[in-house]
1. For each pair in B:LYS69/B:LYS116; B:LYS127/B:LYS184; A:LYS408/B:LYS69; A:LYS100/A:LYS378, compute the distance between the two Cα atoms and list the pairs where it is over 26 Å.
2. Counting only protein heavy atoms, probe 1.4 Å: which residues of region A:404-421 lose 10 Å² or more of accessible surface in the full assembly compared with their chain by itself?
3. What percent does the relative contact order of region A:58-264 come to when contacts are Cα pairs within less than 8 Å and at least six residues apart?
4. Calculate I(q)/I(0) for region A:3-160 by the Debye formula, one identical point scatterer on each C-alpha and no solvent, and give its log10 at q = 0.13, 0.17, 0.20 Å⁻¹ to two decimals.
5. Compute the length gained on full extension between A:LEU376 and A:GLU220: take 0.36 nm times their separation in residues and subtract their Cα-Cα distance, giving the result in nm to one decimal.
6. Kindly sort A:TYR345, B:TYR109 by accessible area of their heavy atoms, largest first, with the probe set to 1.4 Å.
7. What dipole magnitude, in Debye to the nearest 20, does region B:115-193 give about its Cα centre under +1 on Lys/Arg Cβ and -1 on Asp/Glu Cβ?
8. Past the 24 angstrom mark, what percentage of all C-alpha to C-alpha distances in region A:277-421 do you count?
Amino acid sequence: MKDLFVEIWESVRRNKLRTCLTGLAVSWGIFMLIVLLGAGNGLLNAFSEQGGTFATNSMMVGGGWTSKPYDGLAQGRRIVLDDKDIEVTRGKNFKGIVDKVASTVGASDTVVLGTKHVRGYIEGNFPARMEMEKIPLTHGRFINDKDITDQRKVVVLPDNMIRILFGEKVDLASVIGKRVKINNLQFQIVGIVRANEMQDNNLFYAPYTTVKTIYAKGKEIDDLTFTFHGLETEEENEAFEKNFKAIINKLHRAAPDDESAIWIWNRFTQNMQMNKASGILTIALWVLGIFTLLGGIVGVSNIMLITVKERTHEFGIRKAIGAAPGDISKLIITESIVITAFFGYIGMVLGMVACEILDATAGHNVTEVMGMQMQLLKNPTVGVDVALEATLLLIIAGTIAGFFPARKATKVRPIEALNAN
Amino acid sequence: MIELKDINKTYNNGQPLHVLKGIDLNIEQGEFVSIMGASGSGKSTLLNILGILDNYDSGTYHLNGTLIKNLTEKQAAAYRNRMIGFIFQSFNLISFKTAVENVELPLFYQGVPRRKRHELAMQYLEKLGLRDWAQHYPNEMSGGQKQRVAIARALITHPQIILADEPTGALDSKTSKEVMALLKELNRTEKITMVIVTHDSGVAAQTDRRIHISDGLIVND
Ligand SMILES: Nc1ncnc2c1ncn2[C@@H]1O[C@H](COP(=O)(O)OP(=O)(O)O)[C@@H](O)[C@H]1O
Ligand SMILES: [Mg+2]
């Protein structure tokens, strides 16, 4: 082994400049690959960060407008969900699939503290919704069962509203237990959530029963969310949604096949599609990176060809004194791998450094896109797995680059090689 | 040791050139033979066939009882490595390797460990009076020294045959004599079969048997 590397060093040493110039093409290729994958990861991370604020095995259902006349009623009719829909969703029709069901009901209102006030949307919630929607509680607690049964007047407010009411510098934890006024009633603050940067409608939470009573909502609800299990494929989900719509539509005298009488937001299939999309993006980035790398590989293959040509006579001597074809090709392919791997590693390290720089700069920039606060890149780096894959790729690349030159060298008959010069 | 029967060889690049036209030749173990002939008579071609560096078109060649025909390059390499030592007119040392590294190389292809082959190579260099030149590169040495390094390299695998193509062709007359004396001594002491191609009758005179080749045939043995 050591002999092999001594031989390679002897060869590389004689062609330093040439080797370095071509090697840099490999460095560049791997650098690009790593940076592309890092940026791609950043994009995907930011993407799933924004999409990932709810349980992925849940669906949200809300009322829409009918799109066709049915049962003597005209199209374009507004459908509002109500308590009956909750019962049916929970009922025997969807037994074994639907787990927990939680509805919401709400109204726009103002939260007042002394002379300060802030407008928002009070949403009546069940305790289970916190888990379903992954509501980011930072202090205190969420709505609990006792709040529901006793119709307590408690609220969970986002931190941005707290700051408006209590001042920018307020210690958030100290606010728990304080009272605010909503609809001229005293509410106690029991919890604080992180404000959703993507929405600026100041959504805050109160017990479902409390909101329903205070705002005299009767049977009407805003929307309902349920968790489910046992629907694994997109087809299964589609079939379930179709069936679900047909049953709920009927309750509201809408055509069973009316697509828009109610809407369903299926987070499970959305997540599935997102995973698929991110898979495609990753593959596209690899392909792009590999094509960049290909330039480098062709370069290495080319200098190896030149080297082999220059060394024909030397290989002839080696063959005359007993080198088998395998000995010669081992020499060339290993040299090719060493060059590729060495410069590839330089590119890889630089690529990772570039990713870190990207992370330190653009990785924390929050951009406003269409009125929404978005972080375009989150943690745009590559992991150890990618580094290992890239290493493997380099070794394969080096082997490929050395293959044709090696074949050329072994094909020359010893006597021709000896006579070459 | 070497048995050639009706060996024919034609070069086929462009104009076909029938170089060997039926060579019959037997060389026994331990012989000290020279092959003489005019330039272009086919001496080198014959020697290359003997050394399995080149192939022949028809006839048979037995080396040590083995038919040398249609060998894979790997088999040929093994035979060359273990049975044959080469000495060339232009020395054919590897320029970026030192004398001792050049001498070691055949053992490297036998898989001999580094330390062992270095030791052996040093022994052979010492035997040929080149101990102090072991770490020198070929371009720092005289023609006679280079040829002695080449001889050490040929000897290190204990070959049964040494094939030398004009070994003194690039040397002055004094050095030529020394090299020939050395080869003769090796033939006498180590019982190595020597086949020396030359067009110098002075060189041929020092061998035990002189084979003349002309127009692709052996004319005088
Ligand atoms: N590879 C080759 N291709 C074509 N012709 C060759 C080749 N090698 C040698 N010859 C020709 O074959 C003839 C014999 O060459 P060679 O065996 O080298 O003669 P010698 O060594 O006796 O001078 C010469 O005419 C030479 O030009
Ligand atoms: Mg010749």
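1. Those over the limit are B:LYS69/B:LYS116; A:LYS100/A:LYS378.
2. Listed by number, the residues meeting the 10 Å² cut-off are A:ARG413, A:PRO414, A:ILE415, A:LEU418.
3. 35
4. -0.92, -1.22, -1.35
5. Net length gain for the segment: 52.3 nm.
6. Working: A:TYR345 105, B:TYR109 35 Å².
Greatest to least solvent exposure: A:TYR345, B:TYR109.
7. The dipole magnitude comes to about 280 debye.
8. Numbers: 5179 of 10440 pairs.
Result for the distance tail: 50 percent.
The values are calculated or read from the model by the stated rules, or taken from the named source; none is laboratory data. Quantities reported herein were computed from a predicted structural model and do not represent experimental measurements. No Cβ is skipped: glycine too gets one built from the backbone with ideal geometry, and neighbour counts run over all protein chains shown. In case anyone asks, the SASA skips ligands and DNA or RNA and just uses the protein heavy atoms, side chains included. Shrake-Rupley method; radii C 1.70, N 1.55, O 1.52, S 1.80 Å.
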